[in-house]
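**Student:** Pasting a structure here, questions to come.
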Amino acid sequence: LQKKTMIKNENPEILEMSNADYHAHDAISSSAVKAACKSMAHWKHADKVTSSTVFDLGTGFHDMTLEGGHNTVEGPEKRVGNAWKMLYKECQENGKVLLTADDYAKVKKMAASCLENERVNAIVNHPDVMIEKSFFVTDPKSGLRLKARPDAYLQEKQVCLDLKSTVDAAPGERGFQQQIFRYNYHIQAAFYKRVLELCGHPVTYFAFSAVEKTAPFAQCLHVLSGTVLKRAEEEMDNVLARMAQAITENHYPTDWPDLNMIHLPGYMEE
């Protein structure tokens, strides 16, 4: 990796705050940047997901892996009836996530599989690890206020770790790597790297701990190369510049053509 001079930021903030308060903050997040990768219109009109079965499973998996499951509650067998409604309301009031008994058992197995990886375990359980801290900075290139809430950051190793529940955690181009570029996870990595470094926390390694959501809950730790991070940073800077322009002009287009011609993809051509 090329040696990079750290850019100092005049007003970085590292805060202890709830996940809900973090998401309510109006600074630009990596999710916003990933939406803007599709178009400014998709970013402008992106729905904020507050709760869903998939969202709750992901939250429970993160909590089980990073916090020992203290904020995840095992509920009844089904999401119906007064027992569920009462417990769900109580969990909402106390900032906890409620899962069905089956889903609770599933995320517990996912977390256990994740932590079986010695490298992941060493990061998550390191005495100096920063777990889900909220970082806020002003990007000197775009002028936008940015926010990031990495799952785990360990300055001793200069590593940022992100957990991903997935249908395919396998190595190789057809495995999790395909999802990284399809869902712009590499852009997320570059974004977190930028925010952390502006706060004075260098990132040399960005790793995704991918864990499958079905048995055997296989896991694999994927580290982005310096080449991938460099390319992702270039893409991110371009998107941030376009976002800043869209805000200034109050114009959020798709920039799509009126007509698009479909051709045979390369793999179908003789």
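**Student:** Which order do Ile262, Ile14 take when ranked by solvent-accessible area (1.4 Å probe, heavy atoms of all protein chains), largest first?
**Tutor:** Working: Ile262 135, Ile14 75 Å².
My answer, sorted largest first, is Ile262, Ile14.
**Student:** How big is the charge dipole of segment 137-179 about its Cα centre, in debye rounded to the nearest 20, if each Lys and Arg gets +1 on its Cβ and each Asp and Glu gets -1 on its Cβ? Show your work: numbers first, answer last.
**Tutor:** Values: 7 positive and 6 negative charges, 46 e Å.
The calculated dipole for segment 137-179 is roughly 220 debye.
**Student:** While we're on this one: Here are several values of Cα Rg over 2.2 N^0.38 Å: (1) 1.03; (2) 1.07; (3) 0.97. Which one was derived from the coordinates shown?
**Tutor:** Correct label, based on the coordinates given: (2).
**Student:** Related question: Would you work out what percent of the accessible area of the chain, with all protein chains in place, is carbon or sulfur (probe 1.4 Å)? Spell out each step's value before the answer.
**Tutor:** Details: 7960 of 15730 Å².
Taking all protein chains in place, the chain shows 51 percent carbon and sulfur surface.
**Student:** Now for a separate question. Under a no-solvent Debye model with one identical scatterer per Cα of segment 64-138, what's log10 I(q)/I(0) at q = 0.11, 0.17 Å⁻¹?
**Tutor:** Each listed q corresponds, in turn, to -0.39, -0.77.
**Student:** Over the chain, give the accessible area per residue in Å² for a 1.4 Å probe, as an integer. Walk me through the numbers on the way to the answer.
**Tutor:** Working: 15730 Å² over 270 residues.
Heavy-atom SASA per residue in the chain reads 58 Å².
**Student:** In a Gaussian network model over the chain where Cα atoms closer than 10 Å are linked, find which of Val129, Val159, Val54 has the largest mean-square fluctuation.
**Tutor:** Evaluated over the chain, the most mobile residue of the options is Val54.
**Student:** While we're looking at this one, here's another question. For a Förster distance of 25 Å, can you work out the FRET efficiency between the beta-carbons of His45 and Asn238, rounded to the nearest 0.05? The partial results should precede the final answer.
**Tutor:** Working: r = 21 Å, r/R0 = 0.83.
With a Förster radius of 25 Å, E is 0.75.
**Student:** Using helices alone, I'd like the mean residue ellipticity at 222 nm for the chain: each DSSP H run of four-plus residues gives -39500 (n - 2.57), total over residue count, nearest 500. Present the calculation step by step, with values, prior to reporting the outcome.
**Tutor:** Working: 10 runs with 114 residues, N = 270.
Only helices count here, giving -13000 deg cm²/dmol.
**Student:** Something else about it: Assign unit charges at the C-beta atoms only (+1 for Lys and Arg, -1 for Asp and Glu), then state the dipole size of the chain relative to its Cα centre in Debye, rounded to the nearest 20. Could the numbers behind the result be given before it?
**Tutor:** On the way: 31 positive and 36 negative charges, 30 e Å.
Around 140 debye, computed over the chain.
**Student:** Separate question: Please identify every one of the trypsin sites (Lys or Arg not before Pro) in segment 151-213 that sits in a loop by DSSP and has no more than 10 other beta carbons within 10 Å of its own beta carbon. List each step's numbers first, then the result.
**Tutor:** Values: sites: Lys157, Lys164, Arg174, Arg182, Lys193, Arg194, Lys213; in loops: Lys157, Arg174, Lys213.
Within segment 151-213, the qualifying trypsin sites (Lys or Arg not before Pro) (loop, at most 10 other Cβ atoms within 10 Å) are Arg174.
**Student:** By how many degrees, between 0 and 90 and to the nearest 10, does the Cα long axis of helix 101-115 differ from the longest principal axis of the chain?
**Tutor:** That works out to roughly 60 degrees.
The values are calculated or read from the model by the stated rules, or taken from the named source; none is laboratory data. Being a predicted model, the structure only gives us computed values, none of them experimental. A quick note on method: Cβ atoms are made from the backbone with ideal geometry, for glycine too, and the neighbour counts reach across all protein chains shown. Surface areas here come from the heavy atoms of the whole protein model, side chains and all, with no ligands, DNA or RNA. Shrake-Rupley method; radii C 1.70, N 1.55, O 1.52, S 1.80 Å.
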